[in-house]
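The values are calculated or read from the model by the stated rules, or taken from the named source; none is laboratory data. It should be emphasised that the depicted structure is a prediction, and the values quoted were computed from it without experimental measurement. Here the Cβ positions follow ideal geometry from the backbone for every residue, glycine too, while neighbour counts run over all protein chains shown. Calculation scope for accessible area: heavy atoms of the full protein, side chains included, ligands and nucleic acids excluded. Shrake-Rupley method; radii C 1.70, N 1.55, O 1.52, S 1.80 Å.
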Amino acid sequence: ALEKYGTDAVRFYMLTNSQPWDNLKFDENGVDEVRRKFFGTLYNTYSFFSLYANVDGFDYSQADVPLNERPEIDRWILSELHSLVNDVTAALDDYEPTKAGRYIDTFVNDDLSNWYVRLNRKRFWGKEMSTDKLSAYQTLYTCLESVAKLLARFSPFYSDQLYMDLVKVTGRDKTGSVHLTDFPVADDQFIDKDLEARMEIAQKVTSMVLALRRKVNIKVRQPLQCIMVPATDDEQKKHIEAVKDLIMHEVNVKELKFVEG
């Protein structure tokens, strides 16, 4: 499936690696990296969703779970999604497709795949369609559908296939192509910058601790007693405290303390 859309990989590589035209160097390895890391990640995320959606018969026929009844992790990724729509729209309005493409790349790889899907796999495994499970399905579907629309300007073939694969089951759109749909518009009620800041800190602390584990060759499966985290100010300390349990679970430590002084 990925090989079929090689043209889109070239387009996305060219747009997200922009240089002055007289100095532009085409790099086949760079194109292959984009194909694997971006399109491969997006394909795997959709495959994960479709696998469990087919098992559970999810077709988005149920009413949306209210935002205030969704878990924090769902509210976070939806906030990131709507912030992404704002960022991509602003970049395109300023004729900066490179910046817009990189926003989409970061969202798909860092936020949606490496963080949201990875942390929520177990929510899709339950036997019954609970409110929590339904919220997970609706949230991930919304992210994939919106990414397909945002991506349409960059990779017309891949985005159209992704979009049609999604809507042919749910019937949420009868236009027949992602290129006939309206461009996404951000809804400010979904955006929570404080929540985004807390989760960004959790991602950064987790990444640094895992890097330290790799550096000293201590596997994640080996629990550690404590990590010491320096906080630059009270606000950052408050954010870290709010996501402390998530950090400790991700890096497999029993306690998190702050460096004082």
Measure of exposure for Asp160: accessible area at 1.4 Å probe, Å² rounded to 10, is 40 Å²
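Extension gain Asn54-Leu92, at 0.36 nm per residue separation less the Cα-Cα distance, in nm? Walk me through the numbers on the way to the answer.
Numbers: separation 38, 0.36 × 38 = 13.68 nm, distance 3.56 nm.
Gain in length upon complete extension: 10.1 nm.
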For the chain, take the longest principal axis of its alpha carbons; what is the angle in degrees between that and the long axis of helix 156-170, to the nearest 10 within 0 to 90?
80 degrees
Quick one: with all protein chains in place, what share of the accessible area of the chain is carbon or sulfur, to the nearest percent (1.4 Å probe)?
49 percent
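Provide the FRET efficiency to the nearest 0.05 for the Ala211-Arg172 pair, computing r from the beta carbons and using R0 = 30 Å. Walk me through the intermediate numbers first.
Numbers: r = 41 Å, r/R0 = 1.36.
E(calc), rounded to 0.05, equals 0.15.
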Sparsely packed trypsin sites (Lys or Arg not before Pro) within segment 96-148, loop by DSSP, other Cβ within 10 Å at most 13:
Lys127
Helix-derived mean residue ellipticity, 222 nm - over the chain, DSSP H n ≥ 4, -39500 (n - 2.57), to 500
-18000 deg cm²/dmol
Using modelled backbone amide H atoms (1.01 Å from N, in-plane), which distant-in-sequence or interchain residues come within less than 5 Å of Val229's amide H?
Lys257, Phe258, Val259
How large is the accessible surface per residue of segment 123-230, computed with a 1.4 Å probe and reported in Å² as a whole number?
54 Å²
If amide H atoms are modeled at 1.01 Å from N in the peptide plane, then the residues at a separation of 5 or more from Leu224, or on another chain, having amide H under 5 Å from its own are Val253, Lys254
Taking R0 as 45 Å, what's the FRET efficiency between Thr232 and Ala63 from their Cβ-Cβ distance, rounded to 0.05?
0.55
Return the distance in nm (one decimal) between the two label points of a simple spin-label model at Glu196 and Trp125, each offset 7 Å from Cα along Cα→Cβ.
3.2 nm
Table column - 3J(HN,Hα) (Hz), segment 176-181, Karplus curve with 6.51, -1.76, 1.60, x for Gly and Pro
x, 6, 5, 6, 9, 8
